[in-house]
């Protein structure tokens, strides 16, 4: 059986780290043997160890050349056939450490790179990797159009996979969602899941929710689930300040920070809402649709792709507050019908974006690359 080394940075909670973790948890479905190479521990370390997948930590100490030599030695010692990197930095390191060896490099691109330097590095990895993996057709086509001399046949779309079983076990509602007084029964509970980073637009939602209140729909509670990111703290702080000044904070709008109970939250809210600037996939949106929740999301091209051009969700015009209010008001007014439609659509979402499908597609790619 071929051996595949997954190479990531830290084991902190994030979309990429959760995807790899779910892949390891379902390793019995794979036609390959996975191992993990990483640099730093994190809040998912114990969860990774519980999968039983062999883990190898190479700490970022000393020179870059020394790190590459350590990585190359480990790959040879473990008889690795494929090194699968998940970040641009690891793609570059993997490129150098596999050069001249029998190990094949496959690199997944989970996002776009705003700086010219990073784009050059990304193209460099694509030129020399055995295969490049993209998480949506839009992302793949974006890179192919901008990268010279890289044939499209070496650029593959493998949708992110999700372990939907974690959404099937009944969960008690988190304390903040528990009904505490009779009037709460008429309150529509909404949530957005995602850290406060520049790829998302929680700031637009804050402004649009104020418009919704001004339009006479104050019968809701909106929960932002996502942490304040140290590299861009103002994205979180500005949202909190705006909601405080607008009189929404802790009345209609609540900021919960990062949480590990998203499945429980999705089971006990009524509507999932999302706003994006440049997501390349949208795991949180897929999870919400698979959980049978009505989803309201902007018409960013990737969101159209994963919602089947709006057939599986309600689409509003990006950054258009009036359209958001109109679409949201309609969903709130006809919530029962939207919930039933979401439940009916959940099965097709689960089939398309399951972790089993993800592992199967990766296995085919690996087999064709060795």
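The values are calculated or read from the model by the stated rules, or taken from the named source; none is laboratory data. Just so you know, these numbers come straight off a predicted model, no measurement behind them. All Cβ positions, even for glycine, are placed from backbone atoms using ideal geometry, and neighbour counts span all protein chains on display.
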Kindly list the number of the only condition in (1) part of a helix (DSSP H, G or I); (2) buried (at least 23 other Cβ atoms within 10 Å of the Cβ); (3) in contact with a strand residue (DSSP E or B) (Cβ under 7 Å, 6 or more places away or on another chain) that fails for residue 323.
-> (2)
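Yes or no: the range 192-199 includes at least one residue that is touching a residue at least 12 places away in the same chain (Cβ under 8 Å) and on the phi > 0 side of the Ramachandran plot. Walk me through how you get there before you give the answer.
The initial filter retains those residues of the range 192-199 that are touching a residue at least 12 places away in the same chain (Cβ under 8 Å), namely 192-199.
Pick out the ones that are also on the phi > 0 side of the Ramachandran plot and you get 194.
Within the range 192-199 (the criterion being touching a residue at least 12 places away in the same chain (Cβ under 8 Å) and on the phi > 0 side of the Ramachandran plot), the answer is yes, since at least one residue qualifies.
For the range 143-159, which residues satisfy the criterion of being in a helix (DSSP H, G or I) and buried (at least 18 other Cβ atoms within 10 Å of the Cβ)? Outline the logic, then answer.
As a first pass, look at the range 143-159 and keep what is in a helix (DSSP H, G or I): 143-146, 152-154.
The one that is in a helix (DSSP H, G or I) and buried (at least 18 other Cβ atoms within 10 Å of the Cβ): 143.
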Does residue 177 satisfy the criteria of being surrounded by 15 or more Cβ atoms within 10 Å (Cβ to Cβ), in the same structural domain as residue 266 (by TED's automatic domain parsing), modelled with pLDDT under 95 and more than 17 Å from the chain's Cα centre (by Cα)?
-> yes
Just give me the residues in the range 15-46 being more than 16 Å from residue 108 (Cβ to Cβ), assigned to a helix (DSSP H, G or I) and touching a helix residue (DSSP H, G or I) at 6+ places or on another chain (Cβ under 6 Å), in sequence order.
-> 29
Subset of the range 338-366 (residues that are more than 22 Å from the chain's Cα centre (by Cα) and closer than 27 Å to residue 210 by Cβ) | 338, 339
Quick one: how many residues across the range 91-119 are under 21 Å from the mean Cα position of the chain (by Cα) and surrounded by 21 or more Cβ atoms within 10 Å (Cβ to Cβ)?
-> 5
How many residues are out of contact with any helix residue (DSSP H, G or I) (no Cβ under 9 Å at 6 or more places or on another chain) and under 26 Å from residue 301 (Cα atoms) if we restrict to the range 202-239?
-> 1
Mind counting the residues in the range 126-151 that are farther than 28 Å from residue 308 by Cβ, touching a residue at least 40 places away in the same chain (Cβ under 8 Å) and under 24 Å from the mean Cα position of the chain (by Cα)?
-> 0
Selection count where residues are within 24 Å of residue 364 (Cβ to Cβ) and touching a residue at least 24 places away in the same chain (Cβ under 8 Å), scope the range 89-110 | 14
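Among the residues of the range 47-88, write down those that are assigned to a strand (DSSP E or B) and without any contact (Cβ under 8 Å) to a residue 60 or more places away in the chain.
55, 56, 57
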Among the numbered criteria (1) touching a helix residue (DSSP H, G or I) at 6+ places or on another chain (Cβ under 7 Å); (2) closer than 23 Å to residue 367 by Cα, which single criterion is violated by residue 56?
-> (2)
